[in-house]
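The numbers here are math on the coordinates, done by the rules we state, and not lab data. Not measured: the values here are computed from a predicted model. Virtual Cβ from ideal backbone geometry, glycine too; neighbours counted across all protein chains shown.
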Amino acid sequence: MNALPLQSPALSGFDLDSLTLGAARLRPQALALHDLTDQTDQRFTFSELNHHVDSLAWQWSMLGLPAGARVLISMRSSSLSIIGLLGALRAGLDVVLAPLHTNAGALAALARKTGALALASEPNHDRLNLIETLFAAAALASDVKLVCSLGAELIDDAVCLDPWLAREDTGTPLTPYGSQRPQILTQDRNGNIHAHDQAHLIAAALDLATRGKISGHEPVLSCLLPASFAGLVAGPILSLLTGAPLMLIPSFSTDVFARAFDGGERLHLIVPSAATLMMVEAGVIDTSRLISFMPVTSVTDIEDDAELSAPILARHARLPVVTDLFAINDRALIAEPRGRDGQAKQPAESPHFLPLDSQSILAVTRSETGQIEGLAVTPQGSFIR
């Protein structure tokens with residue numbers, strides 16, 4: 001599936017920066033991000049999130065990278081990684097995302113493929129020095145000019161990008177990136193690079209919010225790493241779009257996971273489908289606290305692979321509403337609520353049309369062979385082919 005230029009005036013003007021600024025203006029004191037950790041929970045309101053993004057954007061812009069340069073961020077499931085991403089976008093940089101566990105050789109190969117000039121990550125994860133991995137990757141990729149550490153901790157010769165640092169010159173605006181908005185690039189499991197238009201990501205999040213019935217008052221606990229189309233859409237973009245607090249688990253453990261259900265609030269749970277049956281049968285999920293349960297299945301061929309997750313939870317009658325999320329080739333995320341019989345539907349069994357400003361802005365359909373025929377933001381619901 002290849003993305004065409006967006007044509008809709010309804011969504012084509014939106015990007016993640018406008019969502020961040022809008023959320024800070026509309027709901028400044030509402031909870032945006034909530035990290036669940038072994039030590040202490042970390043929380044950010046939308047106003048605080050925007051403040052830290054602005055500080056980091058200024059620091060990104062001071063690195064001397066050329067306009068439209070690409071930076072590679074090794075993403076953790078944490079507020080800090082998300083702030084790093086949003087700050088780079090606000091500074092007008094294209095961002096290449098890699099999962100946290102990517103080794104130095106794979107990072108170097110990804111940097112070479114995408115032309116990334118800087119590598120960044122949080123400094124540590126589960127006692128691992130992640131900056132050492134970045135330096136090793138930079139040694140293998142000659143075009144990489146900078147290694148950056150997200151956070152206040154100084155590591156070797158890495159540039160420290162500290163979102164908690166107050167911006168010194170608040171009177172000077174950042175250089176606008178003009179009509180060419182920064183792109184987000186991801187790599188699928190086959191090594192293919194995908195460049196995502198931000199409005200396309202936002203459209204997928206709008207579809208998920210509508211079909212999953214996610215409002216701004218109900219927390220979303222996402223167990224997806226925000227380094228893929230699905231992880232971005234069903235995580236930070238969903239939160240910015242709807243105002244739903246996003247709960248993140250930077251280092252997964254059953255104790256930390258269980259704490260997500262201790263606050264008394266009911267929540268939406270998004271997990272990889274491969275882990276759903278194990279988690280339900282192991283009793284680590286308090287189903288009484290769930291508003292909805294959303295297993296995510298990565299598929300490349302709809303007809304062959306979609307059956308993998310179809311009946312997996314049908315026999316668990318105590319589960320609440322189940323909405324299947326299908327991640328298609330790291331180019332789309334399609335939400336399909338299950339019927340009363342508990343059986344999963346095929347992705348895009350029927351077209352998805354979302355009205356906005358009296359227009360159909362999102363359309364998803366399937367061809368007769370079972371392939372995804374379209375996912376686009378368009379005035380008349382036309383399709384990407």
Grab the beta carbon distance between Lys213 and Met278, set R0 = 30 Å, and tell me the FRET efficiency rounded to 0.05. 0.70
With θ set to phi - 60° and the Karplus curve 6.51 cos²θ - 1.76 cosθ + 1.60, what are the ³J(HN,Hα) couplings of segment 85-92 in order, to the nearest whole Hz, using x for Gly and Pro? 4, 5, x, 5, 5, 5, 7, x
Using just the Cα positions, wrap segment 45-184 in a convex hull and report its mean projected area in square nanometres, one decimal place. 8.2 nm²
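Apply 1/(1 + (r/R0)^6) to the Cβ-Cβ distance of Asp143 and Ala195, taking R0 = 22 Å, and write down the FRET efficiency to the nearest 0.05.
So, using R0 = 22 Å, E works out to roughly 0.75.
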Pairwise centroid distance, computed over Cα atoms, of segment 232-268 with segment 65-88, Å: 21 Å
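Any chance you could run the full-extension gain for Leu165 through Ser18? It's 0.36 nm times the residue separation minus the Cα-Cα distance, nm to one decimal.
Values: separation 147, 0.36 × 147 = 52.92 nm, distance 2.24 nm.
So the extension gain works out to 50.7 nm.
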For segment 100-115, Karplus couplings with θ = phi - 60° (6.51, -1.76, 1.60), whole Hz, Gly/Pro x: 4, 7, 5, 7, 4, x, 5, 5, 4, 4, 5, 4, 5, 4, 9, x
